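Q: This is the structure I want to talk about, given as structure tokens.
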Amino acid sequence: MLRITNLTKTYPNGTKALNDINVTIGSGVFGLLGPNGSGKSSLMRTIATLQEPDYGTIQFGEMDVLNSKEQMRTVLGYLPQEFGVYPTISAENLLHHLAVLKGIVDGSQRKSEVDRLLEMTNLSQYRKKKLGSYSGGMKQRFGIAQALLGNPKIIIVDEPTAGLDPIERDRFHQLLNLVGEEITVILSTHIVSDVSELCNEMAILHQGRVLMQMSPKAAIETLQGKIWAAPFSQSEAEFFAKTRHVISSKLLHGKCLMKIYSDTNPGSPFTSIEPSLEDVYFYQINGI
Ligand code: ADP
Ligand code: MG
């Protein structure tokens with residue numbers, strides 16, 4: 001269990017990236033969902049003990065993380081948002097190198113660990129290839145392999161699916177799901193479907209604050225019977241937007257499908273629809 005309390009972080013230029021964050025993260029894949037600039041990377045770097053908060057505490061089991069950084073690093077794996085790989089080295093060689101840095105000095109132990117991780121991330125057949133020739137999906141799977149070196153109890157992965165094509169993303173989801181069956185995974189993303197597919201628990205982050213923490217299922221239930229939709233022309237949609245609590249307005253076959261929030265039936269042409277996690281996200285972010 002990772003318990004974050006009152007965590008606040010201000011950068012030297014005055015940006016308050018984290019504003020009194022309180023979150024509790026259990027087992028499985030935890031989703032940290034938020035738009036660009038909401039503070040996801042700031043929170044993850046702080047948990048990874050790479051930067052100091054102004055104040056607040058992080059407790060991992062019995063460990064006071066901010067006062068036990070070395071100890072935290074031995075149980076933590078981290079895949080940063082900007083994950084640079086040495087392009088001319090092979091996956092296998094870089095994993096060996098990183099394993100040594102992680103303190104796995106015994107040669108045969110290291111080999112079996114590297115082999116196991118290449119196998120798990122479906123990279124065994126590409127182990128000798130230069131990392132520079134890897135596709136986006138392969139690079140991210142390699143990122144998971146390196147995060148898992150040394151048997152961490154928790155891994156933190158910062159927007160790992162951004163830029164992956166649908167097939168690569170699906171494969172990556174399956175890998176994270178597998179890892180989440182064994183250890184805690186904290187996944188940050190701005191992609192709602194990452195969370196709906198993978199997470200049993202999530203928090204929505206916006207402007208450095210946690211707007212809600214809940215299971216996606218419970219979050220969707222809070223909007224049951226309150227989301228209404230109707231197709232409009234774009235000019236009609238703009239008119240309606242002034243008078244309604246608009247959740248989202250999306251083009252579909254050249255029409256604007258407008259979704260609004262209303263406790264009561266807004267009347268024709270709106271019809272009631274099943275809420276989705278995306279509705280929850282927009283509802284929270286738009287502050288309706
Ligand atoms: P996210 O990962 O959700 O996009 P970040 O944690 O990167 O959000 O950023 C949160 C806020 O903090 C943004 O306003 C960003 O511009 C600012 N920020 C991030 N890193 C720094 C930094 N090193 N110095 C100053 N401001 C920063
Ligand atoms: Mg980020």
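Taken together, the values in this text are just the output of simple stated rules run on the coordinates, not laboratory data. The structure presented is a predicted model; accordingly, all values stated were derived computationally and were not measured. Cβ sites come from the backbone with ideal geometry, for glycine too, and all protein chains shown count toward neighbours.
Q: Apply the Kirkwood formula to the range 1-119: the hydrodynamic radius equals the inverse of the mean of 1/r over all pairs of different alpha-carbon atoms; give it in Å with one decimal.
A: 16.4
Q: What is the ratio of the Cα radius of gyration of the range 49-139 to 2.2 N^0.38 Å, where N is its residue count, to two decimals?
A: Against the empirical 2.2 N^0.38 Å value, I get 1.32 for the range 49-139.
Q: Among the lysines in the range 222-285, how many pairs, 8 or more places apart or on different chains, have alpha carbons under 18 Å apart?
A: Lysine pairs satisfying the spacing and distance rule in the range 222-285 number 4.
Q: Say R0 is 45 Å: what FRET efficiency, to the nearest 0.05, do S272 and K153 get from their beta-carbon distance?
A: 0.50
Q: While we're on this one: In sequence order, what are the phi-derived ³J(HN,Hα) couplings for the range 195-209 according to the Karplus relation 6.51 cos²θ - 1.76 cosθ + 1.60 with θ = phi - 60°, rounded to whole Hz, with x for glycine and proline?
A: Karplus-based 3J(HN,Hα) across the range 195-209 equals 6, 5, 7, 10, 9, 9, 8, 8, 10, 9, 10, 8, 6, x, 10 Hz.
Q: While we're on this one: Residues with amide H under 5 Å of I156's amide H, sequence separation 5 or more or different chain, H placed in the peptide plane at 1.01 Å from N; which?
A: Residues meeting the amide H criterion: G77, Y78, L79, I186.
Q: Counting only helical runs of four or more DSSP H residues, what would the 222 nm mean residue ellipticity of the chain come to if each run contributes -39,500 (n - 2.57) and the total is spread over all its residues?
A: About -10000 deg cm²/dmol.
Q: Pop the C-beta distance of V85 and L257 into the FRET formula with R0 = 51 Å and round what comes out to the nearest 0.05.
A: 0.80
Q: Related question: Could you work out which residue, out of Q109, Q140, Q51, moves most in a Gaussian network model of the chain, that is, has the largest mean-square fluctuation with Cα springs under 10 Å?
A: Top of the fluctuation ranking is Q109.
Q: Mind listing the long-range amide H neighbours of E201? Cut-off is under 5 Å, sequence gap 5 or more, other chains count too, H placed in the peptide plane at 1.01 Å from N.
A: Under 5 Å from the amide H of E201 lie the amide H atoms of G31, each far enough along the sequence or on another chain.
Q: Next question. Counting other beta carbons within 10 Å of each residue's own, what order do R141, R244 fall into, fewest first?
A: Taking fewest neighbouring Cβ atoms as first place, the list is R244, R141.
Q: Now for a different question. What's the center-to-center distance, using Cα atoms, between the range 134-179 and the range 55-77 in Å?
A: 23
Q: Same structure again: When the Kirkwood radius is taken over all Cα pairs of the range 205-288, what Stokes-Einstein diffusion coefficient follows at 20 °C and 1.002 mPa s, in µm²/s?
A: Answer from the Stokes-Einstein relation: 160 µm²/s.
Q: Something else about it: Within the chain, which is the longest segment that contains none of the GluC sites (Glu not before Pro) sitting in a DSSP loop with at most 15 other Cβ atoms within 10 Å?
A: Here the longest segment lacking exposed loop sites spans 183-288.
Q: To continue, here is another question. How many nm is it between the label spots at Q59 and S215, if each spot is 7 Å from the Cα in line with the beta carbon?
A: For Q59 paired with S215, the spin-label model returns 2.4 nm.
Q: Continuing with the same structure: Taking every Cα atom in the range 134-288, find the radius of gyration and the maximum pairwise distance Dmax, and write them in Å.
A: Over the range 134-288's Cα set, Rg and Dmax evaluate to 18.6, 60 Å.
Q: Need one number: nm distance between label points at Q224 and F239, each 7 Å from Cα along Cα→Cβ, rounded to one decimal.
A: 3.6
Q: Next question. Would any residue of the range 42-80 have its amide N under 16 Å from a label point 7 Å out along Cα→Cβ of T10? List them or say none.
A: Answer for this model: 52-56.
Q: Hey, could you get me the Stokes-Einstein D for the chain, Kirkwood radius over alpha-carbon pairs, 10 °C and 1.306 mPa s, rounded to whole µm² s⁻¹?
A: Approximately 77 µm²/s, per Stokes-Einstein.
Q: Kirkwood Rh, Cα Rg: Rg to Rh for the range 91-197?
A: Ratio of gyration radius to Kirkwood radius for the range 91-197: 0.96.
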